Structure formats: C-alpha cells, structure tokens
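The values are calculated or read from the model by the stated rules, or taken from the named source; none is laboratory data. Just so you know, these numbers come straight off a predicted model, no measurement behind them. FYI the Cβ positions are ideal-geometry reconstructions off the backbone, even for glycines, and counts take in every protein chain you see. These accessible areas exclude ligands, DNA and RNA; they are computed on the full protein's heavy atoms, side chains included. Shrake-Rupley method; radii C 1.70, N 1.55, O 1.52, S 1.80 Å.
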Amino acid sequence: MAHRGLKFGIFLAPFHRVGENPTLAIARDVELLEWLDWLGYDEAWIGEHHSAGYEVIASPEVFIAAAADRTKHIRLGTGVSSLPYHHPFMLADRINQLDHMTRGRTMFGVGPGALVSDAMMMGIDPARQRDMMDEALGVIIRLLRGETVSHESDWFTLREARLQMTPYSRPHVEIAVASQVSPTGARAAGRHGAGLLSLGATSTGGFNALSSNWAIAEDMAREHGTVVDRAAWRLVGPMHIAETKDQAVADVRFGLEKWLYYFREIANLPVAPVEAGRDPVEALIETGLTVIGTPDEAADKIQALWNQSGGFGAFLFMAHNWAPWAATKRSYELFARYVAPRFQQLNDNRESSMAWVGAHKPEFTGQAVAAVGARIAAHVQEKGVDNISPQIAAMMGIKKPEAAE
C-alpha cells in the first residue's frame, strides 16, 4: 500500500490545565482549527467530556457548528461521542443536522466514554459501557441510513423511529470507532463496517497492537458481511516539533508537567509512566510515545507507524498544549510544510522536473548561450560594433576600436 493520499489532522480532546480561563481556552481551540484549515490539514476530531477539569468541551456538536462557520475545508468529527450518554435517536438526529450545516464536512466518531467519572455521575455502570455503545451504534447506523427502527432496550426505546431529513452525505456521514489497546473498538468497527480511531497508536501497547487490531477488524467484517478500509483508519499520537531538537524540548517544558499531572493524579486514562526523578521529556521520548524534536524525527515516526501497521489513512496529532501558543502554531506549520509533503507526493513532480533540468544543464546552457549570441551577432551586423556595450563585446570576443583622443 503506497503513501499516496495520506491525510493529517488533529484529535482535540482538548487538554487545558486548571488555572487558565476556560472561555478563552475554548476560543483558542476554535482559533487552532482556523489555523489548521489555513495550513491545509484534512480533519479535526473534537472530544466529549463532563468531568475532571481538563477536557472542557462537553458537546462536540456545538463546537463543530461554531468551527465550521470559521473554516472552509477541514472536515470536523466528534472525537468521540460517548454513545451510552445519549439517546441514540436524539444523537443521530443532531449528527444528521450537523451534516447539513457543514455541507458534508461532518464525521461521526463514537466510543463508550473514557472517563469513569462521567459515567458514574449519570448512574451508568462502567462495566456496561462497551455493550451499550455497540447496541446504540447498530441503531444509529440504521437511522442514518434512512431506515425506520423499532428497538426495545433496558436503557432506551424506539418506536417506528426515523430521521425526518435525508442525510446530506450519502449514504450517511463517515463513522469511526475509537480503539485503544483492547479489541473492543476494532470488533465494533468490523461488525458495523466503520472506520477505526486508534487513540493510543504511539504508546508501547497501542503501537504493538496496531497490526493485530486491524486483523481483528477485518475478521469481524468478513464474519458480518461488511467491509473495512485502511483509508478510514486513523492513528493518533502526540508530537511537538521545532527547527531544532533543543528548541522543541525547551518549548514543551511550558506545559508538559501539567499534562502529566492530569494523567498521573486525576484521569483514569493510560499514559506512559514517568519515574520519579526522571526528566519527563527524555522519558516520553524514550518510550516512543511522542516526538519532541525536528521535522525529520516526525517523518521517521510516521514511517515507523506505517511499517508497523501495514498502512493507514490518516495520522492525527493528539492536541496537548505542552508549548506556548506561538510555538504550538509553529509546530503545526513545520509539519504541514516539511513533513506532510513527504507522505503525500506533493513534490514528486517538482523533484522530477528539477532532476531532468539538472541532467540536461550543459545542453540547455549551450542552447541559451547560442541563442543570445545569435541575436547579438545580428545586432552587430545591423548596427555595427560601435553600437554595442563593452560588456557585450567582451562576452562575444569582439575587440572594439579605441576612441580617438
């Protein structure tokens, strides 16, 4: 499978340390998507969370509606909608409306819900969340396809339910299922013929599970008569790059420790452990979880993910807010300018053209000199030697008569 058409984007949970103005934090998230849209990134996925203080977007649909009005090209997805938290009919109807409002730029990422604290506040047993997700997803897909659905569950009921608007995207918005190390997401993606969002692709466990999780998705697709496509497989990992490695390391010291604190002390989410007394930057680089370095190192990581997985459709930055705002924007710009083109064949024709011209330089230079010389000779023949400049005379090897004293 070739790299041609590899896409790039962002997975925006987001992560905002406590102490920052939350209103301005959300506004900056919108501003970030405007910047990514201008740089030509392909897609952005926005999270849903309701507790723990850092991941402050409660409704990805509301955020997407606002961001869509401020962007032109970038596709926008829920990353992810936690299906056990919503009545399937209401969520399907909102996503369908968003598909129309964004003129087909909406994507629908789904998952069981990552924070146990969210589920506990709603009285949802965390042990049931994955089964609830799978049940809801089956119903939502049927609704998005335009079917009339009746379904009786112990947590929702549908009676001849159907969406009143035909989807803008046909047959419906693109759907992707979140996956970490466990096979739950891969099984659901295969069962329903959906895309796959591998959220921990750069962690040790997630990296090692890439090929096996895709094999699970393919096996489930064959079993259920669906199709999964590597082009709809997204791999997610954190990166920060700068012109030099030393600059990248200096940048991330701004916010890395606060990010690690959230995972170490607050959230029930897995992240690479950092031993007490160790430099956190060195530790994260050593585990392979992240790239903190140069565009060349970022390209090497993308290639390693490609080799390990056997091919995928998009790489998504895990947005982390490790660096100051200007350095964060610069990181995304450096990637767009100097990393993404390597995997999208954007410069193949330029390189071929340059090589062809370089290989024929003596021939082309000789022809250019001969053409110019012919025009000068014609001019001399018509106007005489006295009417040409000393510079042209010297270039043509013509000795001009000296002026009389």
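Report, ordered by chain and residue number, the aspartates and glutamates lying within cross-link reach of Lys72, taken as a straight Cα distance under 15 Å and ignoring same-chain residues fewer than 8 apart.
In chain and number order, the partners are Glu31, Glu34, Asp37, Asp42, Glu43, Asp99.
Ranked from the most accessible area to the least, with a 1.4 Å probe and all protein chains present, what is the order of Ser179, Ser169?
Ranking Ser179, Ser169 by accessible area, largest first, yields Ser169, Ser179.
Among 200-207, 108-115, 34-41, how do they line up from the highest to the lowest mean number of other beta-carbon atoms within 10 Å?
Result, highest mean Cβ count within 10 Å first: 108-115, 200-207, 34-41.
If you stretched the chain out fully between Ile26 and Glu160, how much longer would it get, using 0.36 nm times the residue separation minus the C-alpha to C-alpha distance?
Extra length from Ile26 to Glu160 when fully extended: 44.4 nm.
Among the aspartates and glutamates, which fall within straight-line cross-link reach of Lys245, defined as a Cα-Cα distance under 17 Å, with same-chain neighbours fewer than 8 residues apart omitted?
In chain and number order, the partners are Asp279, Glu282, Glu286, Asp296, Glu297, Asp300, Glu333.
Looking only at the chain, where both bridge partners belong to it, what percent of the DSSP beta bridges are antiparallel (to the nearest 5)?
Antiparallel bridges: around 10 percent, rounded to the nearest 5.
Please work out the C-alpha center-to-center distance from the stretch 162-226 to the stretch 271-299 and express it in whole Å.
28 Å
Hey, of (1) 34, 28, 22; (2) 54, 26, 20; (3) 32, 28, 18, which did the structure itself give for semi-axes √(5λ) of the Cα gyration tensor in Å when calculated?
Only one listed value fits the structure, namely (2).
HN-Hα J couplings of the stretch 186-201 from phi, Karplus 6.51/-1.76/1.60, θ = phi - 60°, integer Hz, Gly and Pro as x?
Result, rounded to whole Hz: 5, 5, 5, 4, x, 4, 9, x, 9, x, 10, 10, 8, 6, x, 4.
At 1.4 Å probe radius, can you tell me the per residue accessible area of the stretch 278-368 in Å²?
Result: 47 Å² of accessible area for each residue.
Which length gain, in nm to one decimal place, applies between Asn268 and Val227 when the Cα-Cα distance is subtracted from 0.36 nm times their residue separation?
Extending this stretch completely gives an extra 11.5 nm.
How much length is gained on full extension from Lys329 to Asn307, taking 0.36 nm per residue of separation minus their Cα-Cα distance?
Once the chain is fully extended between Lys329 and Asn307, it gains 5.1 nm.
Can you tell me the FRET efficiency between Leu346 and Thr204 if r is taken as the Cβ-Cβ distance and R0 is 45 Å, rounded to the nearest 0.05?
0.90
Take the chain, connect every pair of alpha-carbon atoms lying under 10 Å apart with a spring to form a Gaussian network, then pick out the residue of Asp279, Asp154, Asp99 with the largest mean-square fluctuation.
For the chain, modelled as a Gaussian network with Cα springs under 10 Å, the answer is Asp154.
When only C-alpha pairs under 8 Å and at least 6 residues apart count, what is the relative contact order of the chain, in percent?
Relative CO of the chain lands at 16 percent.
What FRET efficiency do you get for Tyr338 and Glu282 if R0 is 30 Å and r is their Cβ-Cβ distance, rounded to the nearest 0.05?
0.75
Tell me the net charge near Val274. Cut-off is 11 Å between Cβ atoms, Val274 excluded, with +1 for each Lys or Arg and -1 for each Asp or Glu.
The answer is -3.
Tell me what the chain gives for mean residue ellipticity at 222 nm when only DSSP H runs of n ≥ 4 count, each as -39,500 (n - 2.57), the sum divided by the residue total, rounded to 500 deg cm²/dmol.
Dividing the helical sum by the residues of the chain leaves -14500 deg cm²/dmol.
Give me the percent relative contact order of the stretch 63-180, please, defined on Cα pairs under 8 angstrom at least 6 residues apart.
Dividing the mean separation by the residue count of the stretch 63-180 yields 31 percent.
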